[in-house]
Amino acid sequence: MKIAMLSTNVEQVPPVGYGGTELIVYLLTQALVRCGHDVTLFAPKTSSTLAQLISVVDKPLRLDDNIPIRRWQAYDIIALQKLEKIIDEFDIVHNHMGYQALPMLSKYSQKVVTTMHNPIRDYCAPIYLNYPNLNYVPISDAYKNLNYGYQLNYTQTIYNGIDVDLFPLKNFSNQQYLLFIGRVCYDKGTHTAISIANKLGLPLKIAGKIDSSDLNYFNEFVKPYIKGNISYVGEVNHEQKIKLYHEAMAVLYPITFNEPFGLVMVEAICTGTPVLAFNKGSVAEIIEDGITGIIADDEAELISKFKIGHSFNKDILNLKIKTKFSSQIMVEKYLELYLKVANST
């Protein structure tokens, strides 16, 4: 098949640090090319891919101080214009860019698949609702009930997957700290992770990027508490992330919103590290309470359940991910969907 893979311009493919969407795009694109499919990737020029690469920015917008945020969407439109000129060449267009692409792609709805990586917020809901009949892929069953999702034409749920070989099982059991890893922001609950660690009397390492839009949050709710047992190690690359997972006794995931998915949960569990999370969004689809982590409704319940004590089997944690959330399974399901969509035209 000839496939156009439409990524964002904010991060490169694969991302150097944080970037769940771009990581999924990378894994999917690489696997499709290796399977013999003809893939064209729309992404920043610094991206690394086996596919043909079409770029409109020299480097990820997040790393280019010369391009202010208010101009970012202009580059999305430029990328879409490039795609439109050659769109008839493709059997399938896979949209990971989001709502920005819908007005143009709606003209070619018979060959378009859009993966829903982010919640539908009020400001972009009118755009999605204007194109309800496109093929939308939820990345969890929970997503179908989020926001305005029930009004859209959903295909089957396809979970995000990881390359399980890149997240090896830890081989020691002397973990001494809790870990928060991901974007440092209110939605991810960094402030609550600090509170939980302090109340448990355990060290906490915080790893992740801080967007400019989250600086005020960081300065008010996180930075003043980085002292003693609480440390911030910054944004980390893959090797650093694996080391953190291996050395952590558990990952804290106290999200404040209904997250559609959570690659951090999958990655941590694959390495044998349990995840302690609030029961929101897709959490209960990824974590098995008492088996691969702890699920609680609030901070007090999570602390109480953790204090009771659990013995997590790291081999079982690893197996659970391999049988449900591997990139191989993800790719197979997308190929099935591509064929279904292409044959329906």
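The values are calculated or read from the model by the stated rules, or taken from the named source; none is laboratory data. Predicted model, so just to flag it, every value in this text is computed and none were measured. Positions of Cβ are backbone-derived with ideal geometry, glycine not excepted, and every protein chain shown enters the neighbour counts.
Could you grab me the full set of residues in segment 296-327 that are part of a helix (DSSP H, G or I) and loosely packed, with under 13 Cβ neighbours inside 10 Å? Write out each step before concluding.
As a first pass, look at segment 296-327 and keep what is part of a helix (DSSP H, G or I): 299-308, 314-322, 327.
Those that are part of a helix (DSSP H, G or I) and loosely packed, with under 13 Cβ neighbours inside 10 Å: Ala300, Ser304, Lys307, Ile308, Asp315.
Quick check: is even one residue across segment 332-339 outside the structural domain of Cys35 (by TED's automatic domain parsing), at pLDDT 95 or above and surrounded by 15 or more Cβ atoms within 10 Å (Cβ to Cβ)? Working first, answer last.
Kept after step one, since they are outside the structural domain of Cys35 (by TED's automatic domain parsing), are these residues of segment 332-339: none.
No, segment 332-339 contains no residue that is outside the structural domain of Cys35 (by TED's automatic domain parsing), at pLDDT 95 or above and surrounded by 15 or more Cβ atoms within 10 Å (Cβ to Cβ).
Identify the single condition in (1) surrounded by 21 or more Cβ atoms within 10 Å (Cβ to Cβ); (2) in contact (Cβ under 8 Å) with a residue 60 or more places away in the chain; (3) farther than 29 Å from Pro132 by Cα; (4) of a type outside the set (Ser, Thr, Tyr) that Cys35 does not satisfy, given that it satisfies every other one.
Just one mismatch for Cys35, condition (1).
When the residues of segment 106-127 are filtered to those that are among the basic types (Lys, Arg) and surrounded by fewer than 17 Cβ atoms within 10 Å (Cβ to Cβ), which remaining residue is farthest from the chain's Cα centre (by Cα)? Can you show your working first?
Kept after step one, since they are among the basic types (Lys, Arg), are these residues of segment 106-127: 107, 111, 121.
Narrowing further to those that are surrounded by fewer than 17 Cβ atoms within 10 Å (Cβ to Cβ): 107, 121.
Numbers: Lys107: 28, Arg121: 17 Å.
For segment 106-127, the residue satisfying everything is Lys107.
For segment 218-260, enumerate the residues that are acidic (Asp, Glu), surrounded by 16 or more Cβ atoms within 10 Å (Cβ to Cβ) and in a helix (DSSP H, G or I).
Keep residues of segment 218-260 that are acidic (Asp, Glu), which gives 220, 235, 239, 247, 259.
Those left that are additionally surrounded by 16 or more Cβ atoms within 10 Å (Cβ to Cβ): 235, 247, 259.
Listed by number, the list holds a single entry, Glu247.
Among the residues of segment 6-21, what is the count of those that are surrounded by fewer than 24 Cβ atoms within 10 Å (Cβ to Cβ) and not aromatic (Phe, Trp, Tyr)? Break it down into steps so the answer makes sense when it comes.
Taking segment 6-21 and keeping what is surrounded by fewer than 24 Cβ atoms within 10 Å (Cβ to Cβ), we get 10, 14-21.
Narrowing further to those that are not aromatic (Phe, Trp, Tyr): 10, 14-17, 19-21.
Residues flagged as surrounded by fewer than 24 Cβ atoms within 10 Å (Cβ to Cβ) and not aromatic (Phe, Trp, Tyr) within segment 6-21 amount to 8.
From the residues in segment 292-315 that are β-branched (Val, Ile, Thr) and modelled with pLDDT of 95 or more, which one is nearest to Met265 (Cα to Cα)? Break it down stepwise before answering.
Taking segment 292-315 first, the residues β-branched (Val, Ile, Thr) are 292, 294-295, 303, 308.
If we keep only those that are modelled with pLDDT of 95 or more as well, we get 292, 294-295, 303.
Details: Thr292: 10, Ile294: 11, Ile295: 12, Ile303: 18 Å.
Across segment 292-315, the extreme among qualifying residues is Thr292.
Name the pairs: first residue in segment 79-108 and over 17 Å from Val25 (Cβ atoms) and touching a residue at least 12 places away in the same chain (Cβ under 8 Å), second residue in a loop (DSSP other than H, G, I, E, B) and among the aliphatic types (A, V, I, L, M), Cβ to Cβ under 6 Å, at least 6 apart or on different chains?
Asp91/Met1
A quick yes/no check of all residues on (1) surrounded by 19 or more Cβ atoms within 10 Å (Cβ to Cβ); (2) at pLDDT 95 or above; (3) not assigned by TED's automatic domain parsing to the domain that holds Pro14:
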position: Ala193; (1), (2), (3): yes, yes, yes
position: Ala197; (1), (2), (3): yes, yes, yes
position: Pro203; (1), (2), (3): no, yes, yes
position: Asp211; (1), (2), (3): no, no, yes
position: Asn216; (1), (2), (3): no, yes, yes
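I want to confirm something. Restricting to segment 170-184 and keeping residues that are assigned to a loop (DSSP other than H, G, I, E, B) and buried (at least 16 other Cβ atoms within 10 Å of the Cβ), which single residue is modelled with the lowest pLDDT? Outline the logic, then answer.
Here is the first cut: in segment 170-184, the residues assigned to a loop (DSSP other than H, G, I, E, B) are 170-176, 182-184.
Remaining after also requiring buried (at least 16 other Cβ atoms within 10 Å of the Cβ): 170, 175, 182-184.
Numbers: Lys170: 90, Gln175: 74, Gly182: 93, Arg183: 93, Val184: 96.
Filtering first and then ranking leaves Gln175.
Do any residues in segment 132-148 that are over 13 Å from Val112 (Cβ atoms) and assigned to a helix (DSSP H, G or I) have Cβ atoms under 9 Å from those of residues that are aromatic (Phe, Trp, Tyr) and modelled with pLDDT under 95, where the two are at least six apart or on different chains, and which pairs are they?
Close Cβ pairs satisfying both conditions: Ala142/Phe261; Tyr143/Tyr154; Tyr143/Phe261; Lys144/Tyr150; Lys144/Tyr154.
Just checking, which of Asp58, Asp65 is free of Cβ contacts under 8 Å to residues at least 12 places away in the same chain, farther than 26 Å from Met330 by Cβ and acidic (Asp, Glu)? Walk me through it before giving the result.
Numbers: Asp58 fails: free of Cβ contacts under 8 Å to residues at least 12 places away in the same chain.
Asp65 is the lone residue from the list that is free of Cβ contacts under 8 Å to residues at least 12 places away in the same chain, farther than 26 Å from Met330 by Cβ and acidic (Asp, Glu).
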